[in-house]
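Let me begin by presenting the structure, written as structure tokens, before commenting on it.
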Amino acid sequence: MQQLEFQTNTISEKTHDDVVQIQFSPRQQKHLETLIARYTERTKTSKQLAQKYRPVFANNRGSVGFNLLFKEMFYPILTERSLGSRMWDVDGNEYIDLTGGYGIHLCGYNPPFIKKAISEQLEYGIQSGPQAALAGEVAELISELTGMERVTFCSVGTEAMMLALRVARAATNRSKIVLFSGSYHGIFDGTLVKAEGTDGNPRGVPEYPGVTQNVAEDVLVLEYGSPLSLEIIRAYEQELAAVLVEPVQQHRLGFQPKAFIQQLRQLTKALGIPLIFDEMNTGFRIHPGGAQAWFGVEADIATYGKIVGGGMPLAAVAGKAIYMDRIDGGMWNYGDMSSPDVPTTWSGTSYCRHSLSLVAARALLQYLKMQGAPLQEQLNQCTSQFIERMNAYFEAEKLPMQLSNFGSFFNVNLSETSALLKEPTFLIGLLLIFNHMIDRGVLMPKSDGFLSQAHTEQDIDFIIQAVKDSVHELREGGFLNT
């Protein structure tokens, strides 16, 4: 299967001349004009504000996947209120939301127990400088749920990834790392690297402008799930500071290589190479213990974000003491001659132990501890049932698309073999589904979506009907006909 977002980029990368050469029938042209008029009227304030602030606000959400065909509908929906599974935009439109804050809101928006915790803390002020008293308690909760020995805090996931790699390099005194093609580890230069070519050469090169080749030189990019990758790791044993893995890649959820992950753990353990799990999306979502518990492996270091902050900015690096001691020098006690004697590297930022983030995290982690694994199990089952219903509909309608999921995290795929996708107007019809969904009151992302504990059976029914109605209207307009 091929990711819909990849196909979207295929169209968006066309030149202006390519786009204007696409020929619509009168029926298709009328449908597109009608949809644009209706959509832009419904969300007119979002559009007006996008235009008003574009000169000063450099916003990638307003440009990624830009397409001249849909230019008049190309702006982010601006929201101002959220509750449970719902959002309301600046025009007062209500939506069932499937973006989930890109994976943050496991329990839905503004759950009462987190709202209460933040409100109570605001009465005491927002402390920074002196350490918030809750930091140790929250670290203990993360350790208890994940099984990791020691924990430190960061503000965002990218920062956590930077620190995890720095700790691994400090502990091993090596520089190179392995990551896998198709993975995503935030906006850190050191992970925005791709393989040099398609001939199996693992040498990294910059994936985006602004990333230097000097940074990329320290990265080997291997194929995820391939036995050859294990052999390459063995060959570079003496140079590797870490192997970094996104256990289930966020744009490839249908690929869940349990056996490979377990072999990777066995190999890195035998070679003494730290294994780092990027649990930004999987941590606390697939299982209370994250992907490590799900796949039955124990990483040396893991990074967490999104869910762990209870909706507030917070991330964490957790791991075995032999690595995490590089943060503070290791264990020591009062009343004797012990001291922090492990050489340390630098960590910490102004907001990494923000008092509001910590109270939200404590409330969320205490809730997850109290609910136990049944919370994730029920949500995973609900999502799988949703996926099954959607895929049955796509198959019945002969649409070359499918949803894949890993627990309550899902994405949209297109068939690689369908001849329909060679027709530009068919692919355009698939892209227009998402505008139709917004027009019908569903915020459904083009790539990754999330269900939360707040989504109800009625929400799911509404979403599925919105998809069906969108496809029906598109077919009436001359698109998506098989």
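None of the figures in this text is laboratory data; all of them are computed from the coordinates on show. Here the structure is a predicted model, which means the values were calculated and not measured. Cβ placement follows ideal geometry from the backbone for every residue including glycine, while neighbour counts extend to all protein chains displayed.
Compactness ratio of segment 92-149: Cα Rg over 2.2 N^0.38 Å, N = residue count? List each step's numbers first, then the result.
On the way: Rg = 15.6 Å, N = 58, 2.2 N^0.38 = 10.3 Å.
Ratio of Rg to 2.2 N^0.38 Å for segment 92-149: 1.51.
Restricting to segment 112-371, compute how many DSSP beta bridges are antiparallel as a %, nearest 5.
50 percent
For segment 265-390, what relative contact order do you get, as a whole percent, if you take Cα pairs closer than 8 Å and at least 6 residues apart?
The value is 21 percent.
Please say if segment 268-329 is rounded, prolate or oblate, where rounded means a/c under 1.5 for a ≥ b ≥ c the square roots of the C-alpha gyration tensor eigenvalues, and otherwise the choice is prolate for a/b larger than b/c and oblate otherwise?
It comes out oblate by the Cα gyration axes.
Report, for the chain, the % of DSSP beta bridges that are antiparallel, rounded to 5. Can you show the working numbers first?
Details: 32 of 48 bridges.
Counting DSSP beta bridges with both partners in the chain, the antiparallel share is about 65 percent.
Please compute the net charge surrounding SER339, taking Lys and Arg as +1 and Asp and Glu as -1 over other residues with Cβ under 13 Å from its Cβ.
Within the 13 Å Cβ shell, the charges total -4.
Between 0 and 90 degrees, rounded to the nearest ten: what's the tilt of helix 112-122 against the longest Cα principal axis of the chain?
Roughly 60 degrees, rounded to the nearest 10.
Would you compute, for the Cα atoms of the chain, the largest minus smallest coordinate along each principal axis and list the three values in descending order, in whole Å?
Over the chain, Cα extents along the principal axes are 84, 59, 45 Å.
Report, largest value first, the span of the C-alpha coordinates of segment 112-371 along each principal axis, in whole Å.
Between the extreme Cα coordinates on each principal axis of segment 112-371 lie 60, 47, 38 Å.
Is the C-alpha gyration tensor of segment 242-354 telling us rounded, prolate or oblate? Criteria: a/c under 1.5 is rounded; beyond that, a/b larger than b/c is prolate, otherwise oblate.
Taking the square roots of the gyration eigenvalues as a ≥ b ≥ c, segment 242-354 is oblate.
For segment 286-337, what relative contact order do you get, as a whole percent, if you take Cα pairs closer than 8 Å and at least 6 residues apart? Before the final figure, lay out the partial values.
Details: 38 pairs, mean separation 12.1, N = 52.
Normalised by residue count, the contact order of segment 286-337 is 23 percent.
Relative to the longest principal axis of the C-alpha atoms of the chain, give the angle of the C-alpha long axis of helix 424-439, reported between 0 and 90° and rounded to the nearest 10°.
80 degrees
Could you work out the relative contact order of the chain? I mean the mean sequence separation of Cα pairs under 8 Å and 6+ apart, divided by the number of residues, in percent. Numbers along the way, then the final one.
Values: 839 pairs, mean separation 100.5, N = 482.
Once normalised by length, the contact order is 21 percent.
For segment 156-197, what class follows from the C-alpha gyration tensor (a ≥ b ≥ c being the square roots of its eigenvalues): rounded when a/c is under 1.5, otherwise prolate if a/b is larger than b/c, else oblate?
Here segment 156-197 falls in the oblate category.
On a 0 to 90° scale, report how tilted helix 355-371 is relative to the longest principal axis of the chain, with both axes built from alpha carbons and the result rounded to the nearest 10.
Helix 355-371 and the main axis of the chain meet at about 80 degrees.
Could you compute Rg(Cα) / (2.2 N^0.38 Å) for segment 18-60, with N its residue count? Provide the component values of the computation, followed by the final result.
Details: Rg = 14.4 Å, N = 43, 2.2 N^0.38 = 9.2 Å.
It is 1.57.
Compute the semi-axes of the equivalent ellipsoid of segment 17-103, taking the square root of 5 times each eigenvalue of the Cα gyration tensor, and list them largest first in whole Å.
Sorted largest first and rounded, they come to 26, 17, 13 Å.
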